[in-house]
Amino acid sequence: MARKGKWLRFILDDESRVFSHLGMTGDWLQVPMNAPAQRSERARIDVIQRGRAISVRYVDARRFGRLIVARDDIADWTTLGPDPLVNGVDIGRLSETFAKSQRAVKIILMDQRVLAGIGNILATDALWIARLDPRSPGIALLPRDAREMARGLHQAIARELADPGDSFFVYGSAGKPCPRCGRRLSSIVLGGRTSVYCPGCQVRRKME
């Protein structure tokens, strides 16, 4: 099995592949081979290795995830950018990506071709740490912004790993005081996703 960003890839005995994206509600459970079907079970893969038999079951109550069987690697897998957990964040590459795009910096960060696995929560918190307004166009960012953005991503990821799903810097806190400057946090919609930010201490870069 391999992981890249939010995708998992299983290679079966016949070399075919199973690709899994958990979405918001999907999960894989390891159970004994003879375990009954799990609630909301959508698929199962049985494995016999070194004489030990186990079964992994894909469960997804709301079916937000994706499950794809293919003979070869799919485009959703091959086009993924570097995974920050595996490859780190290349500041030079990130700076070059910003400099070539007029898109909002948050939209760039959530582009899976740029960085695999960065979603709404991590992008929102990382931008707050970096003190950057999510609407800032990439082309308007300064060289130091890429360094601060990389630092913000590392801190946001570390916090999420330490306390998954329960501890955020500002995500989900619109209307509350900013933890840094005390000003009321605002929210906007970018790329169809809600983005919380502080109008007091997150700088909005603009093109000259």
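Can you give me the number of residues within the range 8-36 that are surrounded by 10 or more Cβ atoms within 10 Å (Cβ to Cβ), closer than 17 Å to I54 by Cβ and either among the hydrophobic types (A, V, I, L, M, F, W, C) or free of Cβ contacts under 8 Å to residues at least 12 places away in the same chain (or both)?
Qualifying residue count, the range 8-36: 10.
In the range 175-208, which residue that is closer than 25 Å to Q112 by Cβ and without any contact (Cβ under 8 Å) to a residue 24 or more places away in the chain is surrounded by the most Cβ atoms within 10 Å (Cβ to Cβ)?
S187
Would you point out the residue of the range 43-55, among those that are surrounded by fewer than 16 Cβ atoms within 10 Å (Cβ to Cβ) and touching a residue at least 24 places away in the same chain (Cβ under 8 Å), that is farthest from D13 (Cα to Cα)?
Among those that are surrounded by fewer than 16 Cβ atoms within 10 Å (Cβ to Cβ) and touching a residue at least 24 places away in the same chain (Cβ under 8 Å), it is A43.
Confirm whether E148 is part of a helix (DSSP H, G or I), more than 20 Å from the chain's Cα centre (by Cα), under 30 Å from R205 (Cβ atoms) and modelled with pLDDT of 95 or more.
Working: part of a helix (DSSP H, G or I): yes; more than 20 Å from the chain's Cα centre (by Cα): no; under 30 Å from R205 (Cβ atoms): yes; modelled with pLDDT of 95 or more: yes.
Judged against the criteria, E148 is not a match.
Taking I107, is it within 30 Å of K206 (Cα to Cα), part of a loop (DSSP other than H, G, I, E, B), assigned by TED's automatic domain parsing to the domain that holds I129 and at pLDDT 95 or above? Before the answer, list the steps.
Details: within 30 Å of K206 (Cα to Cα): yes; part of a loop (DSSP other than H, G, I, E, B): no; assigned by TED's automatic domain parsing to the domain that holds I129: yes; at pLDDT 95 or above: yes.
Spelling it out, it is not the case that I107 is within 30 Å of K206 (Cα to Cα), part of a loop (DSSP other than H, G, I, E, B), assigned by TED's automatic domain parsing to the domain that holds I129 and at pLDDT 95 or above.
Mind listing whichever residues of the range 110-127 are part of a loop (DSSP other than H, G, I, E, B) and not polar (S, T, N, Q)?
Within the range 110-127, M110, D111, R113, V114, L115, A116, G117, I118, G119 meet the criteria.
The values are calculated or read from the model by the stated rules, or taken from the named source; none is laboratory data. Fair warning: this is a prediction, and the values are worked out from it, not measured in the lab. Note that we place each Cβ from the backbone using ideal geometry, even for glycine, and neighbour counts take in every protein chain shown.
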